[in-house]
Structures are given as C-alpha cells and as structure tokens.
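Asker: The structure's right below; bear with me while I get my questions together.
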Amino acid sequence: MDALLYWVGMAAVAVSALTGVLDSGRKQMDLIGALLVAVATALGGGTVRDLLLDRNVFWVVDQTYLMAALGTGLLTFFVVRSIDLPPKLFLIPDAVGLALFTVIGTQVALQWHTPWLAASLMGVITGVFGGVLRDILCNDVPSVFLKGELYATAAWLGALSLIGLQELGTSPVNAAWAAMGIILVLRLLALRFGLTLPTLGQTR
Amino acid sequence: MDALLYWVGMAAVAVSALTGVLDSGRKQMDLIGALLVAVATALGGGTVRDLLLDRNVFWVVDQTYLMAALGTGLLTFFVVRSIDLPPKLFLIPDAVGLALFTVIGTQVALQWHTPWLAASLMGVITGVFGGVLRDILCNDVPSVFLKGELYATAAWLGALSLIGLQELGTSPVNAAWAAMGIILVLRLLALRFGLTLPTLGQTR
Amino acid sequence: MDALLYWVGMAAVAVSALTGVLDSGRKQMDLIGALLVAVATALGGGTVRDLLLDRNVFWVVDQTYLMAALGTGLLTFFVVRSIDLPPKLFLIPDAVGLALFTVIGTQVALQWHTPWLAASLMGVITGVFGGVLRDILCNDVPSVFLKGELYATAAWLGALSLIGLQELGTSPVNAAWAAMGIILVLRLLALRFGLTLPTLGQTR
C-alpha cells in the first residue's frame, strides 16, 4: 500500500511537471526556464506544506521526486515541440494529481498533529500551490482562484471530507478513497457542466 | 495585557482578510479563491516572519487566527455583494492593522535574539508582506512599494523607533504605544496630504 | 581564504541590490519600496536555500549582509537619480555575482548532505532566485527564465560541474574556480553572441 502510494505520488509529480512546461510555452521561456517552472509546479505545493509544518522538505530528502519532475519536463518539452497535443488531454490526469496531492498533504499534516482546519488548508496548499506558483512565475493571475474552475474548492471539500470521515470512525484508507472520489467528481463536473461559485464580480 | 494584545491581533487579522477579499473582487475570483487570497493577506506576513526566525508558524499552532481570517473573509464576501461599501472606509482599520502587525513582528524578532536591523525588517515584513502577497496573487505591482503610500516607510520608521526607544530605556509597553502612534500618524498624514518619498521615476 | 570568500560574497550581495534598485525604477516605487526590492533581490536566493535546507537564515544570523544590501541600495538610488548610468555597465558584475552565489549555494547544500541533483538545484536557486523575486515584485515574467539569457542555464551547468569535478577528485577550491569560470564564460558568451536554448515558442 505504501509503495503504491509512493509511485502514484510520483506519477502526480510527473503530471504537474508536464502542465508547468505546457504553460511556460506561452511566455518565450527557454528549455531551462521551462524545466524550472516544471519543477516549481510539481514540487511547490509539497514544499510549502513541509516548510509550514517544519518538516524536512520531501524532495531534498528523496531526490527521486526531483528526477521525476525534470525527466517528465524534458520529455514534454521535446514532445510538444514536434507534436501538437491538445491541452484538454491533460485535464483528467491533472485532476487525479490534484486529488492525490490534496489527500497526501492533509494526511501528512494530521500525522504532524496539526489542528483540523489548518490541516485541511495544508491539503489545499499541497494540491494547488504548485499551480499558483506556475502562474505567478508566468505572470498570470493564478487560475486555481478564478471563477469556473472549482479547483481549490474541490480540493478543500475533499480535504474536509477526509478529516470528517476519519473523525466519524472511517478507516484512513477508506476516507482517502472517498476524498479522492469527491475531488475528482467535483472537478470533472465543473469542467463538464461549467459549475461555478459566486464571484464578487467587477463591482468596483 | 497579553489577552488584550491577543484579541487586538485577531482584529488586525480580520481587517487584513477583509482587504484581501475586496481586492480579489477586481479579478473574477470565485468565493474560495477570494477566501484563499484573504487568508494569504491576513496570515502571510506573520508566516514569513515565523519561517525566517525558524519558529512554529503561529496559525498552525493556534488555528483561531485562521478561523478569524476565514470568517471575516466569508462575511465580507457576502456583505460586499449586497451593499456597496466605499473602499476608503477601511483605510483607518487597515492602518491600525499595519501598526499592530509591525510592532508585534518586531517584538517577536527581538525576543528571538535577532540583531536590531534584521529585527526591524521582520517588523516590516510582518506588517506589509500580507499585502504584498495579496497583490502578487492578484497580479499587481505590490502597492506598499509604490509612491505616495508611505506604507512600508511608516512601518519601518515605527519598527526602528520601537527598537531605539527600548535601547534608550523606555519600557516595552510604552515603546510599543509610541511606535504604533508613529506608524498610524505617518500613514494617515500620507493619506491626507499625499506625502511622498522620492522615486527613481521613469528615467530608464 | 574564508575571509576572502566572505567579502567577495558581500560584494555579490551589493551588486544584486544595485540591480534591484535599477529595476524598481521602471515601476514608480518610492525610496523604501526600491530598498525593499533591493533587499529581496540581494538576499532572496540565499534565504530560500536556507529555508529549504532548514538552516538558520544567513542574514538573520549576520546582519552585515542586510547592511550591505541596504547601503548599496541607498547609494544606487541617489546616484542613479543624478547620473544616467547605462544598465549594460552592470552586466559583468552581475555575472560575477551569479557565479559566486551559485557556487556558494551548491557548496553549502553539499555540506548539508543534500543529494547531488537537489544540491545543484540549491545552487541554481541561490544564484537566480533573487532575480526571480525582483521580477515578481516588479510584476514581470522572471527574465532568468526567458530565451536568450542563458542565465539559469549557466548557473545549472556550473553547479553540476562543481559537483562532478569534486566527485572526480578535484579539490573543492579548484572545482569552485572551474565552476565560476564556466558560469562566467557561458553567461558572457550568451550576452556577446546571443546564444539561445530552444523554446516552446508561441505554439499554443
């Protein structure tokens, strides 16, 4: 089970790196610039979580994560230069990565005895901060905060469900599956049907 | 006295969260996006201070701060959607928050045996970094650095006064009141009379 | 030797502060805003390295670095207001600073028993993150990631050479000189002949 989680986590890192490279293409970054954006996207969320919890940063301890991010970034860079991949292809792997990162981040925070609301925010940060960092480095407003994505929303509801279900006596493994299901379904429904939350609008 | 400071600090967190929500309204963020910007604005300065000093992050230890930021953010979001509040309404509470955050941040750094100039910068970071983070997330140039605000300037002069007065023998409580007064007065004078510092201008 | 490195490092901090002030001139920042950008540019890379390695932050321990950044920032501000300096004047000192920061950052990470690839990234972060922070604060796409600079590229190749040469038995001092040479030459060749790495282009 632990080995499974480890490799699924690695896959989520790879998918995030891929979205980082795709995004950097809009900004005339060169190969190394694109790779650094890929690394920031893939490892940024977990890094901020580890700094906030005062843990050892995960990719400094085990640089396999860094290798996965760089390898995928490199591969993506050269594939995208020769084949025109539709960006929509990656929305489902990206949603899986969001679900996974959020659940892992929340569980790590709980194990570190973080109070529940702070732990749910750690899950959200682990899930979405890589994408926020990618958008800041590319000088865009972070898309995870924008209307019509339900990105951070899905992550937060998932993190809260994970905590609530365990509080009610569900086993950690079952709660994790349920939370990942909630995040995936919400995110895919948002993409499919354009679900939105209210905004403040351009009122000012 | 400590209990008073605690609750005044909580009020400053709430005011900062409010300005975060108001700002996010210009960028088509949805409810959860706005709440996350509110949390970053309210807790960002103290978080960076705690990371730099290698302390436990304050809102991870006591999530009451997080609840205050989220609760105020939520309330602001729904009030602003129904009533049109003039943004100027919040300039005075915001200046009070700046004064308070700066003084608390400087004192925490001094207690942590930080050398004086670094401690004054910790005060400035605690006071202004939340607003910097808010503006970065909203993809603006941080307003605290811009001409005609005297925002970071007031914070820095206040932090240096706090340290200098204690060095001269003033009690910490009196020095704190004096420093908060200096920050408030400078900030309000800047708003009222448009005081400015020199800029480099568009010379290049 | 250690004393030499200390003061050369201090000079690199000063040069970085100078580029921070020059950049802030394009954004109508006031004096204190420009000084804070200068501090972020000069100390940002080493700060992130120290946070990631869980070391004490270097300028909190020894505030001489902070004084060097502020002093140089202040001087630059007033010199630039009266004399029109060509920005190209600073490209060579800046390249020296890049080489030095990268080598110091990589060596510190190796001493902290960081695995090699992560250590090389620490070198890159120490070398370039100050500039990234400067560009984020000035609301630009970080120039170190852009085509035609070979900035992060030179830093990374230098960091990898430093590690590889030591692995092959070269003394740390000789490896450091070689790595600094590689970074400087690559960066200056890029500036002189417009060397570039491939980009993803505006394909999407």
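The values are calculated or read from the model by the stated rules, or taken from the named source; none is laboratory data. What you see is a predicted model, and the numbers here were worked out from it, not measured in a lab. As a convention, Cβ positions derive from the backbone with ideal geometry for all residues, glycine included, and neighbour counts pool all protein chains shown.
Asker: With respect to B:ASP30, is the statement that it is surrounded by 21 or more Cβ atoms within 10 Å (Cβ to Cβ), among the acidic types (Asp, Glu), within 17 Å of the chain's Cα centre (by Cα) and at negative phi true?
Answerer: Numbers: surrounded by 21 or more Cβ atoms within 10 Å (Cβ to Cβ): yes; among the acidic types (Asp, Glu): yes; within 17 Å of the chain's Cα centre (by Cα): no; at negative phi: yes.
The answer is no for B:ASP30.
Asker: Next question, about the same structure. Quick check on this structure: which one of A:LEU5, A:LEU31, A:LEU36 is among the aliphatic types (A, V, I, L, M) and touching a Pro at 6+ places or on another chain (Cβ under 8 Å)? Spell out the reasoning first.
Answerer: Numbers: A:LEU5 fails: touching a Pro at 6+ places or on another chain (Cβ under 8 Å); A:LEU36 fails: touching a Pro at 6+ places or on another chain (Cβ under 8 Å).
Exactly one residue qualifies, and that residue is A:LEU31.
Asker: Suppose the filter is out of contact with any Asp or Glu (no Cβ under 7 Å at 6 or more places or on another chain) and either within 14 Å of another protein chain (Cβ to nearest Cβ) or of a type outside the set (A, V, I, L, M) (or both); does A:THR199 pass it? Can you show your working first?
Answerer: On the way: out of contact with any Asp or Glu (no Cβ under 7 Å at 6 or more places or on another chain): no; either within 14 Å of another protein chain (Cβ to nearest Cβ) or of a type outside the set (A, V, I, L, M) (or both): yes.
Spelling it out, it is not the case that A:THR199 is out of contact with any Asp or Glu (no Cβ under 7 Å at 6 or more places or on another chain) and either within 14 Å of another protein chain (Cβ to nearest Cβ) or of a type outside the set (A, V, I, L, M) (or both).
Asker: Of all the residues that make up the stretch B:149-196, how many are within 18 Å of B:ALA119 (Cβ to Cβ), within 13 Å of chain C (Cβ to nearest Cβ) and surrounded by fewer than 19 Cβ atoms within 10 Å (Cβ to Cβ)?
Answerer: Selection size over the stretch B:149-196: 0.
Asker: Of the conditions (1) within 25 Å of B:THR196 (Cα to Cα); (2) more than 16 Å from the chain's Cα centre (by Cα), B:PRO115 fails just one. Which one is it?
Answerer: Looking at each condition in turn, B:PRO115 falls short on (1).
Asker: Are any residues in the stretch C:119-148 in contact with a Ser or Thr (Cβ under 7 Å, 6 or more places away or on another chain) and crowded, with 24+ Cβ neighbours inside 10 Å, and if so, which ones? Break it down into steps so the answer makes sense when it comes.
Answerer: Here is the first cut: in the stretch C:119-148, the ones in contact with a Ser or Thr (Cβ under 7 Å, 6 or more places away or on another chain) are C:119-120, C:122-124, C:126-127, C:130-131, C:133-135, C:138, C:147-148.
Residues satisfying the conditions are C:ALA119, C:SER120, C:MET122, C:GLY123, C:VAL124, C:THR126, C:GLY127, C:GLY130, C:GLY131, C:ARG134.
Asker: Of all residues in the stretch C:51-64, which are within 10 Å of chain B (Cβ to nearest Cβ), surrounded by fewer than 24 Cβ atoms within 10 Å (Cβ to Cβ) and either among the acidic types (Asp, Glu) or closer than 21 Å to C:VAL128 by Cβ (or both)? Break it down stepwise before answering.
Answerer: Step one: filter the stretch C:51-64 for residues within 10 Å of chain B (Cβ to nearest Cβ), giving C:51, C:54-57, C:59-64.
Keeping just the survivors that are surrounded by fewer than 24 Cβ atoms within 10 Å (Cβ to Cβ) gives C:51, C:54-57, C:61-64.
Those that are within 10 Å of chain B (Cβ to nearest Cβ), surrounded by fewer than 24 Cβ atoms within 10 Å (Cβ to Cβ) and either among the acidic types (Asp, Glu) or closer than 21 Å to C:VAL128 by Cβ (or both): C:LEU51, C:ASP54, C:ARG55, C:VAL57, C:ASP62.
Asker: Name the single residue, out of those in the stretch C:111-130 being away from chain A (no Cβ under 12 Å) and in contact (Cβ under 8 Å) with a residue 12 or more places away in the chain, that is nearest to C:SER16 (Cα to Cα). Step through it out loud before you land on a result.
Answerer: The initial filter retains those residues of the stretch C:111-130 that are away from chain A (no Cβ under 12 Å), namely C:111, C:123, C:126, C:130.
Next, from what is left, pick out any that are in contact (Cβ under 8 Å) with a residue 12 or more places away in the chain: C:123, C:126, C:130.
Working: C:GLY123: 16, C:THR126: 12, C:GLY130: 8 Å.
Of everything passing the filter in the stretch C:111-130, C:GLY130 is nearest to C:SER16 (Cα to Cα).
Asker: With the stretch C:1-103 as the region, which helices (runs of 4 or more DSSP H) entirely inside it contain at least 1 residues that are among the aliphatic types (A, V, I, L, M) and under 21 Å from C:ALA154 (Cα atoms)? Please lay out each step first, then the result.
Answerer: Values: elements: C:2-24, C:31-53, C:58-61, C:64-82.
The qualifying helices (runs of 4 or more DSSP H) are C:2-24, C:31-53.
Asker: Could you tell me which residue of the stretch C:131-144 is nearest to the other protein chains (Cβ to nearest Cβ), considering only residues that are at pLDDT below 85 and assigned to a helix (DSSP H, G or I)?
Answerer: Within the stretch C:131-144, the match that is nearest to the other protein chains (Cβ to nearest Cβ) is C:VAL144.
Asker: Among the residues of the stretch C:106-118, is any surrounded by 24 or more Cβ atoms within 10 Å (Cβ to Cβ) and not polar (S, T, N, Q)?
Answerer: Here is the first cut: in the stretch C:106-118, the residues surrounded by 24 or more Cβ atoms within 10 Å (Cβ to Cβ) are C:106, C:109.
Among the residues that remain, those that are also not polar (S, T, N, Q) are: C:109.
Checking the stretch C:106-118: at least one residue is surrounded by 24 or more Cβ atoms within 10 Å (Cβ to Cβ) and not polar (S, T, N, Q).
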